[in-house]
Amino acid sequence: ENFDFDIIQLPFNIFDARLIEGGQLKALKRRGVEVHARSIFLQGILLDFYHYSSYFSTWQDQFKKYQKIVENSGMSLLECSLNFALNTQEIDKVLVGVNSDTQLNEILQSVKKSESIDSFPINDINLLNPSLWKI
C-alpha cells in the first residue's frame, strides 16, 4: 500500500506458497502489478534430492513424500517445479538460471500446458531462504 509498483520479482516455488496462501499475489494482481517469479528451483534443491548437503537432512522425510507425489504424477522434478510456477495464475513471467545450453533446452522442453499443480508447502524459513543455509 505504501508503494506503486509496476513489476515485482519475488522468490516462488512449489515448497514456498506463502504468497498464495497469504493472498499477497492476488492483491498484487488486483493492483495491476506484473509478477515475475524467480528461485523456482530453490537453488537446485527441487531438481535433485540425492546430492545435497547434510544441512538438508532435516527435511528428508518431506522431500521423500514430495518425490513420491511427483513420481505418481508422471512428471519429472524439473517439469513439476517449472510448471507449478508457469501455471500459477498470478505469475506473469518465470525467471530461470542456467549453466549451459543443454540446461536451457531441457527447461524449454519441460514446459507443459497443464492444469494447475498443487503446492507442497514446507513452511520453514531455514529451507526457503538460501541465505540462511548452513552449507
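The values are calculated or read from the model by the stated rules, or taken from the named source; none is laboratory data. This one's a predicted model, so the numbers in the text were calculated from it and none came from an experiment. Don't worry about glycine lacking a Cβ; one is built from the backbone with ideal geometry, like all the others, and counts go over all protein chains shown. To get the accessible areas, we keep the full protein, side chains included, count just its heavy atoms, and leave off ligands, DNA and RNA. Shrake-Rupley method; radii C 1.70, N 1.55, O 1.52, S 1.80 Å.
Residues of segment 17-37 that are in a helix (DSSP H, G or I) and open to solvent by less than 40 Å² (accessible area, probe 1.4 Å): Leu25, Ala27, Leu28. Suppose the filter is among the small types (Gly, Ala, Ser) and under 27 Å from Ile7 (Cβ atoms); does Ser39 pass it? Judged against the criteria, Ser39 is a match.
Considering segment 1-16, the residues that are open to solvent by 30 Å² or more (accessible area, probe 1.4 Å) and of a type in the set (A, V, I, L, M) include one that is farthest from the chain's Cα centre (by Cα), namely Ile7.
Scanning segment 61-83 for residues that are open to solvent by 50 Å² or more (accessible area, probe 1.4 Å) and more than 12 Å from Asp48 (Cα to Cα) returns Asp61, Gln62, Lys65, Lys68, Ile69, Glu71, Asn72, Ser73, Gly74. Return the residue satisfying two criteria in turn: it lies in segment 94-135 and is open to solvent by less than 60 Å² (accessible area, probe 1.4 Å) and in a helix (DSSP H, G or I), and of such residues it is nearest to Leu77 (Cα to Cα). Result: Ile107. So is Val70 in contact with a Leu (Cβ under 9 Å, 6 or more places away or on another chain), within 27 Å of Asn99 (Cβ to Cβ) and free of Cβ contacts under 8 Å to residues at least 24 places away in the same chain or not? Taking the combined requirement at face value, the residue satisfies it.
For segment 48-64, the criterion of being under 24 Å from Lys113 (Cα atoms) and in a helix (DSSP H, G or I) is met by no residue.
Close Cβ contacts (under 8 Å, 6 or more residues apart or on different chains) running from residues in segment 92-103 that are farther than 19 Å from Leu25 by Cα to residues that are outside any helix (DSSP H, G or I) and of a type in the set (Val, Ile, Thr) comprise Val96/Ile40.
Set side by side, the residues Ile45, Ile40 differ, and just one is in a loop (DSSP other than H, G, I, E, B) and either surrounded by 19 or more Cβ atoms within 10 Å (Cβ to Cβ) or among the basic types (Lys, Arg) (or both), which is Ile40.
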